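Worksheet: one structure, shown below.
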Amino acid sequence: MQSTELREKAVSLDRKRRRRAYVTVLVLAAALAAGYVLCISLGSARIPVAEVWAAFFGRADWATEMIVVDMRAPRVLCAACVGAALSVGGLAMQAIFRNPMASPSVLGISSGASFGAAFYIAYGASVFFSSWGTLACAFGTAMASMLLVYALAYQRAGGVQTTMLLLAGMALSALFSGFTSMIEFFSDADTVTSIVFWMLGSFDGRGWSDFYLMILPLIAGCVLIAVNARALNLMTAGEPKARALGVNVKRVRLMVLVGSSVLVATCVSFCGVIGFVGLIIPHIFRSIVGPDHKKLVPICILGGAVFLMLVDTFARSALPPYELPVGTVTSVIGAPFFLWILRSRKNEIWRS
């Protein structure tokens, strides 16, 4: 009798979570569509929504069309894509490490990208200047840091253990941060300013070419994580249980790590370091729709896109004509949220 009641409660809870997931997806999709137009209209020069639509259809004056179509529309899209990618990457990291405090930066990828960008800004730009130089160096060192972390954590007997991944990521993150600080120490004031501005995170100057270049690796990274959503559900209950249920833990872990690394490396190389997005968004929606990653992946894509799109709009609109670094704004929002998670779930975090 008791088992029947428990089963009925579980079925009822699953139905409630499913309804919440559907409603959440609809609300977020509507918010993304409306927010896209609203974010384009807001800025140092505010443009009415009607004129935004007119610019899209070529019916506005040339100045409005340039601001809307050539400057703001691709920038808002880039912000939405980066927000979606960082959210999904954070969700994957939290599943792999079975810890709500995990974020996409735990493998040292962000620090590796920062080192590559700083090295190019300080030494490479004067030798082989290219508009894509910073991006290429940041992406290359980010992926190299991921491979190095994986190599350091690999053991022939047991493959890659999550604890070793975490420790190797922390060590390499500190190493790359030290290298970046040394570059700043031996550079002139203008170079240091450029490095610091890049590391603070910004979408300033991002256009259609940036969007077209970043969209394919971001889609690939999200797909790698999405196809393993069911396996991630089983792995959150423990790797031994997942293996007993037929999950190839090594393969799933590798695919998810590669997907997350591609997402983080692409985001950091295009817009600098933007923290806490991968921590905040998955945690919020996990508390709303439950731990099912098959629902969480699309919800985090939509939620992360809406969140960072709005944050970027605030960053460029709050203090005109000045523009706040997006990474600074997310840190101001995310740090208190991080402390709240730490306070409310400290026992769970300690056990994990």
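The values are calculated or read from the model by the stated rules, or taken from the named source; none is laboratory data. Predicted, not measured: the structure shown is a model, and the values here were computed from it. All Cβ positions, even for glycine, are placed from backbone atoms using ideal geometry, and neighbour counts span all protein chains on display.
Against the criterion of being in a loop (DSSP other than H, G, I, E, B) and aromatic (Phe, Trp, Tyr), Phe270 does not qualify. Looking across region 274-294, the residues that are modelled with pLDDT of 90 or more and buried (at least 22 other Cβ atoms within 10 Å of the Cβ) come down to Ile274, Val277, Ile281, Pro282, Phe285, His293. Of the helices (runs of 4 or more DSSP H) that lie entirely inside region 55-135, those containing 1 or more residues that are among the charged types (D, E, K, R) and out of contact with any Leu (no Cβ under 6 Å at 6 or more places or on another chain) span 62-65, 73-97.
Give region 188-208 a look and list any residue that's within 19 Å of Asp312 (Cα to Cα) and assigned to a helix (DSSP H, G or I), or say none. Show your work before the answer.
At the first step, the residues of region 188-208 found to be within 19 Å of Asp312 (Cα to Cα) are 196-208.
Result: Val196, Phe197, Trp198, Met199, Leu200, Trp208.
Go through the residues of region 252-260 one by one and say whether even a single one is surrounded by 15 or more Cβ atoms within 10 Å (Cβ to Cβ), among the basic types (Lys, Arg) and not in a helix (DSSP H, G or I). Steps first, please.
Taking region 252-260 first, the residues surrounded by 15 or more Cβ atoms within 10 Å (Cβ to Cβ) are 252-260.
Those still in the list that are among the basic types (Lys, Arg) too: 253.
From what is left, the residues that are not in a helix (DSSP H, G or I) are none.
No, the conditions are met nowhere in region 252-260.
Annotation note: of Ser209, Ser194, the sole residue that is closer than 20 Å to Ala79 by Cβ and over 15 Å from the mean Cα position of the chain (by Cα) is Ser209. Among the conditions (1) surrounded by 24 or more Cβ atoms within 10 Å (Cβ to Cβ); (2) out of contact with any His (no Cβ under 6 Å at 6 or more places or on another chain); (3) part of a helix (DSSP H, G or I), the only one that Leu232 does not satisfy is (2).
Being in contact with a Pro (Cβ under 7 Å, 6 or more places away or on another chain) and in contact (Cβ under 8 Å) with a residue 24 or more places away in the chain is true of Leu200. Can you say whether Val289 is over 14 Å from Gly334 (Cα atoms) and of a type outside the set (Ser, Thr, Tyr), as far as the supplied structure shows? Yes, satisfied. Taken together, the criteria exclude Ile288 from residues that are of a type in the set (A, V, I, L, M), farther than 26 Å from Gly205 by Cα, in a helix (DSSP H, G or I) and within 14 Å of the chain's Cα centre (by Cα).
Only one entry in Gly58, Gly112 is small (Gly, Ala, Ser) and on the phi > 0 side of the Ramachandran plot, namely Gly58. When Leu86 is tested against (1) out of contact with any Cys (no Cβ under 9 Å at 6 or more places or on another chain); (2) touching a residue at least 60 places away in the same chain (Cβ under 8 Å), only condition (1) is not met.
Give me a count of the residues in region 300-337 that are touching a residue at least 24 places away in the same chain (Cβ under 8 Å), buried (at least 16 other Cβ atoms within 10 Å of the Cβ) and part of a loop (DSSP other than H, G, I, E, B). Number of matching residues: 2.
I need the full set of residues from region 52-68 which are in contact (Cβ under 8 Å) with a residue 12 or more places away in the chain and either in contact with a Gly (Cβ under 9 Å, 6 or more places away or on another chain) or surrounded by fewer than 17 Cβ atoms within 10 Å (Cβ to Cβ) (or both), in order please.
Trp53, Phe56, Ile67
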